[in-house]
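S.K.: One structure, pasted below without further comment.
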Amino acid sequence: MILKDTNFKIIPSSESAQAKSFEEIEHTADWAYRVRGENLAQLLIQATLGLYSLVGMQLTPGSQTTRSIQLKGIDRESLLVAWLNELLYFHESEGLGFEQIKIQYLDETSIEAKVTGAPTQQWLKDIKAVTYHNLAICETESGLEVTLVLDV
């Protein structure tokens with residue numbers, strides 16, 4: 001699958017009308033959540049929405065900031081981890097969260113995207129990294145599914 005020039009609005013709040021395709025699941029040592037998407041693009045978006053929802057992210061109203069992201073992985077699992085860790089890096093280094101993603105290019109091992117957001121007003125839990133623990137994107141009848149484990 002190759003995807004080009006697609007926009008996604010990320011609304012990390014309980015008032016979101018967007019259907020959630022993620023759920024927090026129990027994990028003994030860290031924090032985990034399961035994500036579903038019709039395709040790889042939707043899986044990335046739902047994983048982002050799930051991450052931001054779990055940490056209770058709220059953005060500061062006002063000026064918007066845009067960043068470009070270009071990432072490569074050896075497979076779609078490593079691309080997903082790289083994507084989420086890049087978002088965590090932007091929060092850690094610049095205090096930013098994002099509410100809009102424009103995927104300019106996506107295939108199984110690379111992504112080019114522009115993300116738009118603002119400084120975070122609220123971020124309730126620190127996450128060190130998204131891990132590779134038991135990571136496997138599985139094909140289902142409705143698309144793709146993955147369980148992500150976060151090192152907290």
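The values are calculated or read from the model by the stated rules, or taken from the named source; none is laboratory data. Keep in mind that this is a model prediction, so the values were computed, not measured. Here the Cβ is made from the backbone with ideal geometry for all residues, glycine too, and neighbour counts use every protein chain on show.
S.K.: Go through (1) surrounded by fewer than 17 Cβ atoms within 10 Å (Cβ to Cβ); (2) in contact (Cβ under 8 Å) with a residue 60 or more places away in the chain one by one and return the number of the condition residue 101 breaks.
M.R.: The single condition residue 101 does not satisfy is (1).
Yes/no matrix, rows are residues, columns are (1) farther than 23 Å from residue 150 by Cβ; (2) acidic (Asp, Glu); (3) without any contact (Cβ under 8 Å) to a residue 60 or more places away in the chain:
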| site | (1), (2), (3) |
| --- | --- |
| 56 | no, no, no |
| 72 | no, no, yes |
| 75 | no, yes, yes |
| 85 | no, no, yes |
| 96 | no, no, yes |
| 114 | yes, no, yes |
| 119 | no, no, no |
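S.K.: If you don't mind, another one. Sort out which residues of the stretch 102-136 are in contact with a Gly (Cβ under 8 Å, 6 or more places away or on another chain), assigned to a strand (DSSP E or B) and under 23 Å from residue 39 (Cβ atoms), and write them in order of number.
M.R.: 110 - this is the single residue of the stretch 102-136 that is in contact with a Gly (Cβ under 8 Å, 6 or more places away or on another chain), assigned to a strand (DSSP E or B) and under 23 Å from residue 39 (Cβ atoms).
S.K.: Shifting gears a bit: Residues that are of a type in the set (A, V, I, L, M), within 19 Å of residue 113 (Cβ to Cβ) and modelled with pLDDT under 95: list the strands (runs of 3 or more DSSP E) wholly contained in the stretch 1-98 that include at least 1 such residues.
M.R.: The strands (runs of 3 or more DSSP E) meeting that bar are 3-9.
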